[in-house]
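One structure is given here, and the rest of the page talks about it.
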Amino acid sequence: MNRLPANGVTNPPVSLGIIGACAIIYVFINMMGNPRLLEAVFASLALWPLESGRFLPWQLVSYGFLHGGFSHVFFNMFAVWMFGLQIEQAWGSRRFVLYYGVCLLGAALTQLAVQQVTGEYWPTIGASGAVFGLLLAYGVMYPENRVMLLFLPVPIKAKWFVLIYAGIELLLGVTNAMPSVAHFAHLGGLIGGGALLWRWGWRPGMTWRR
């Protein structure tokens with residue numbers, strides 16, 4: 001069976017597969033009645049610091065499919081649906097998977113590096129780093145489209161939305177505000193996505209000189 005039609009998008013799209021996988025895993029974890037089993041899942045699949053003794057190579061990807069609460073998984077998957085599906089329709093599934101994976105990996109490597117410097121021990125979970133990469137891609141592809149911040153219900157052009165959100169994350173990371181949130185991982189996803197877009201021929205002036 002041909003899984004890649006003329007537009008290069010699988011049926012169903014990969015972005016919807018990511019949403020489904022994260023939702024199923026979230027529900028499964030919350031249905032667990034065995035604390036030891038729950039601990040074993042997070043010990044194996046969450047992204048642990050290199051010095052923790054719990055780091056495993058596959059955690060560089062698996063952490064992105066775990067979420068800590070309903071709002072965490074809901075807003076991340078809402079962003080994948082809102083931005084990722086449109087990007088996948090434009091790029092095709094193969095390029096989308098590569099980009100999403102690079103963003104997820106960039107977020108993980110950045111988080112590990114920051115924890116090496118700060119000595120923080122806690123594990124990291126969630127697709128937020130990859131989502132930040134999708135935000136960048138959306139801002140690059142559709143810079144004039146208007147989106148809204150949850151805490152600022154005013155339509156903002158996507159190209160400025162990306163910069164504002166990145167600036168907020170940088171400020172929160174440097175000041176260690178909301179320490180339970182991996183702000184630098186979010187930025188790492190954005191940087192990883194930007195690096196791949198650069199390799200594909202994009203330059204910042206193409207977006208922010210408009």
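Since every read-out is calculated from the coordinates, none of them should be taken as a lab result. Computed from a predicted model, the values in this text were never measured in an experiment. For neighbour counting, all protein chains shown are included, and Cβ atoms are generated from backbone atoms with ideal geometry for every residue, glycine included.
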Pick from Val73, Val162, Val27: which is most flexible by mean-square fluctuation in a GNM of the chain where alpha carbon atoms under 10 Å apart are linked? Val27
Hey, rough spin-label estimate for Val61 and Arg95, points 7 angstrom out along Cα→Cβ, what's it come to in nanometres? 2.2
As a check on your grasp of the helix formula, calculate [θ] at 222 nm for the chain: sum -39500 (n - 2.57) over DSSP H runs of n ≥ 4, divide by the residue count, round to the nearest 500. -19500 deg cm²/dmol
Can you tell which of Gly33, Gly126, Gly84 shows the greatest fluctuation in a Gaussian network model of the chain with Cα springs below 10 Å? Gly33
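For each of Tyr121, Tyr142, count neighbouring Cβ atoms within 10 Å of the residue's Cβ, then give the residues from fewest to most. Let's see the in-between values first.
On the way: Tyr121 11, Tyr142 17.
The order, fewest Cβ neighbours first, is Tyr121, Tyr142.
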Peptides ranked, highest mean first, by Cβ atoms within 10 Å: ranges 127-139, 89-101, 37-49, 180-192: 127-139, 180-192, 89-101, 37-49
Report, in order of residue number, the helices in the chain meeting two criteria: a C-alpha extent of 30 Å or more along the helix axis, and a mean Kyte-Doolittle hydropathy of at least 0.0; treat each whole DSSP H run as one helix. 93-118
To the nearest µm²/s, what D does Stokes-Einstein give for the chain at 4 °C and 1.567 mPa s, using the Kirkwood radius over alpha carbon pairs as Rh? 73
The orientation-averaged projected area of the Cα convex hull of the range 130-210, in nm², is 5.4
Taking only the alpha carbons of the range 1-102, what extent do you get along each of the three principal axes, in Å, biggest first? 47, 29, 28
Likely footprinting exposure, Phe28, Phe74, fewest C-beta neighbours within 10 Å first: Phe28, Phe74
With r defined as the distance between the Cβ atoms of Arg203 and Leu170 and R0 fixed at 22 Å, what FRET efficiency is calculated, to the nearest 0.05? 0.55
